[in-house]
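The values are calculated or read from the model by the stated rules, or taken from the named source; none is laboratory data. As the structure is a computational prediction, the values presented were derived from the model and not from experiment. With ideal geometry, Cβ positions are generated from the backbone for all residues, glycine too; neighbour counts draw on all protein chains shown. The accessibility values were calculated without ligands, DNA or RNA, using every heavy atom of the protein model including side chains. Shrake-Rupley method; radii C 1.70, N 1.55, O 1.52, S 1.80 Å.
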Amino acid sequence: MVRKLVPGMTKAQMMAKFAPRKLVPEGSFAGGGDETARYRIDDDWIIVCAFVDRSIRPDMANGRLVGEPELVASTKHYWVKPPVGFSGTWTVYFANGQKSDEIQYRNGSYFGTFTSFRDDGSKAVVQHYDAKGANGEDTGYHRNGMIAYRGQYKDGKRAGTWTWYDETGKVTSSQEALDR
């Protein structure tokens with residue numbers, strides 16, 4: 001079906017190609033006259049498309065597909081909100097049954113460790129919360145398990161030096177927190 005999407009198509013034409021199955025928008029960002037949008041096909045796949053904005057590029061019609069759309073494996077995450085005032089560990093899952101988030105709550109608010117996972121079960125992010133919001137170490141991980149970034153929060157704001165690493169553990173950049 002994705003092969004039937006060709007540059008120059010409008011968003012409406014693209015949606016019609018998938019009827020009766022409905023593409024579900026999953027966010028977009030725009031800049032420089034173009035918009036990149038994500039559309040969910042099913043629980044396992046999304047299409048990433050670039051569209052042009054005529055107000056920036058008057059030679060093109062609004063919402064026309066630019067370039068080839070990209071089919072990307074992306075397992076759907078099903079967020080289920082905990083009950084009001086919940087205390088304990090709340091676990092949320094991907095469509096494939098893997099954990100997507102494990103969050104500690106106290107009286108309906110994050111309090112303790114928040115761990116986010118990828119659809120293959122690997123850890124993605126670990127953050128810490130207390131009554132003042134994010135507080136303590138925030139660590140992101142590459143798919144291979146190596147640390148992708150590490151930083152600190154103090155009272156809900158970034159603090160100190162934040163450092164980013166490549167997949168081999170080599171530092172790629174560091175930055176002092178700007179949220180002070």
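Remarks
- Those residues of the range 111-164 which are acidic (D, E) and without any contact (Cβ under 8 Å) to a residue 40 or more places away in the chain, in sequence order: D120, D130, E137, D138, D155
- Looking only at residues in the range 56-106 that are modelled with pLDDT of 95 or more and acidic (D, E), the one that is most open to solvent (accessible area, probe 1.4 Å) is E102.
- Among the residues here, R21 does not qualify as under 16 Å from G67 (Cβ atoms) and among the charged types (D, E, K, R).
- Only one of the numbered conditions (1) of a type outside the set (K, R); (2) out of contact with any His (no Cβ under 8 Å at 6 or more places or on another chain); (3) over 30 Å from K17 (Cβ atoms); (4) in contact (Cβ under 8 Å) with a residue 24 or more places away in the chain is violated by E167, and that is (2).
- For the range 138-166, taking the residues that are among the charged types (D, E, K, R), assigned to a loop (DSSP other than H, G, I, E, B) and touching a strand residue (DSSP E or B) at 6+ places or on another chain (Cβ under 8 Å), the one that is nearest to G121 (Cα to Cα) is identified as D166.
- Meets criteria (under 21 Å from Y39 (Cα atoms), surrounded by 14 or more Cβ atoms within 10 Å (Cβ to Cβ) and among the polar types (S, T, N, Q)) for S116: no
- Residue in the range 109-128 that is assigned to a loop (DSSP other than H, G, I, E, B), farther than 19 Å from T75 by Cβ and out of contact with any helix residue (DSSP H, G or I) (no Cβ under 8 Å at 6 or more places or on another chain) present: no
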